[in-house]
Amino acid sequence: MEAVASELETAVRIVGDSRTYLCMDLRFMTRAVMSMEISVSEGEGPCTFSENRLHFRSGTVLSQFKEEPNSITRQIAHMILHLVLGHSRGYRNEMDGLAEDIIVEHALDVLDSQHTATFGSEGRTYYFNRIMKRAGAPTVELIADELSRSSEWQISVYSELFSPDVHPALGTDEDVVWKEISQQMKVEIEGFSRNLGDRSSMLLEILRIRNRRRTDHRRFLRNFMTSSERVRVDPDNFDPAYYVLGLERYGNIPLIDPVEYSDVPVMEEFVIAVDTSGSTSGELVHYFMDEVYSIMEQCGMCKDTEIHVIQCDDRIRDDKVIRNREDLRGFLDGMRLRGGEGTDFRPVFQYVDGLLSERRMKRPKGLIYLTDGMGVYPGNGPDYPVAFMFVDDRYRDRSVPGWAMKVIVGRDEATQNPT
Ligand SMILES: [Zn+2]
């Protein structure tokens, strides 16, 4: 009996040390690590997570530690990442679990810290890059889709390399707690990223995907498209950098002074440009225009309400002027997208310049460009504010000129029903 007791004691010490090493290596993980209880009991078996406790079995800890001294630290870090990334809400299909392990293990391989690095990262990195080439972005859905197209043999290779474990299943309350921890972790890594350099890039990317706020683009649109009747925003004093700062620093939350938007917001002149080249699908444009419709329902109209919906690929294809909800309904019902050539953003700005010089437009409140592609930007920005709204379920970051704002909307957000 004495031998068993000392095995447990040794395992407890190994697990305790591993936890300390993890916090020392990756300080941004400390709060997450401390938010989770860790226990060890006698016997063999994989570590499991339930009721906010990560549970190890002493025999398995000792043999794993002997084989790979970093293995326990790695397992704790692995579970922490599942929790902060929200990998705890059940699977859509059987490939989701493996996809989650691939994402987590790759993030740890890239972090490459002293006590979490484990043998085999070259092989894992090779396969990860191969999967990513086809999946496009490190989201569970995209990787699982890619895995479902792989052969049984490939799946067995991936399972071996990325060693799927028993994944946590959290209740809604717990999930809320871990979501909050994940937001804090993201902010902390952003603050620390100079120390971590490129090693944090993968983790930041997946944390940003996790922490996207689904309704922000609606708020953004509403604020961008409307202005208060009494307190008018002077376009000459409008500072696009202020918006961009808000968008970049706080994910998708534009920093907008509520004072500027007091009272009932009113819609005035506004331009919506739709890139009809390639794959900006009718469904997405429909969704977007539905959002505009609901903004029109919530906001006041005035005699100046005039929304130009301009379709453009590499030239102007259509310009519909919408003055009221009926116009917009009519537009939505009869909407046909015209175009399909290459993307050039410049014709829209030239066209609006023309409208302004002909006095067919007075002073647009702004221009929003709905696109999912790369295009040619004008060298200089216009006097009115401009936002490019990218529809991209791969969450690739886009570079826009300094005079423009950007909003990235995922396809799943764009196709879900507005709440
Ligand atoms: Zn796992």
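Numerical summary
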quantity	calculated
Sequence-distant residues sharing a close amide H with V409 (under 5 Å, placed H)	F390, V391, D392
Gain in span if fully extended, S41 to M24, counting 0.36 nm per residue against the direct Cα distance	3.6 nm
Point-to-point label distance, E141-R359, nm (Cα→Cβ direction, 7 Å offset)	5.0 nm
Fully extended contour minus Cα-Cα distance, from E160 to K133, at 0.36 nm per residue	7.7 nm
Dipole magnitude (debye, nearest 20) for the range 2-210, charges at Cβ of Lys, Arg, Asp, Glu	680 debye
Amide proton proximity set for M374, modelled H, under 5 Å, gap of 5+	none
Positive-end residue of F49, G97, G59, charge dipole of the range 1-158 with Cβ unit charges	G97
In order through the range 307-321: 3J(HN,Hα) via Karplus (6.51 cos²θ - 1.76 cosθ + 1.60), integer Hz, x for Gly, Pro	10, 8, 9, 9, 9, 8, 10, 10, 8, 5, 10, 6, 9, 9, 9
Spin-label zone in the range 68-112 - amide nitrogen under 19 Å from a point set 7 Å from the Cα of V176 along the C-beta vector	83-90
Spin-label model distance (nm) - E190 vs Q298, 7 Å beyond Cα toward Cβ	2.3 nm
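None of the figures in this text is laboratory data; all of them are computed from the coordinates on show. What you see is a predicted model, and the numbers here were worked out from it, not measured in a lab. No Cβ is skipped: glycine too gets one built from the backbone with ideal geometry, and neighbour counts run over all protein chains shown.
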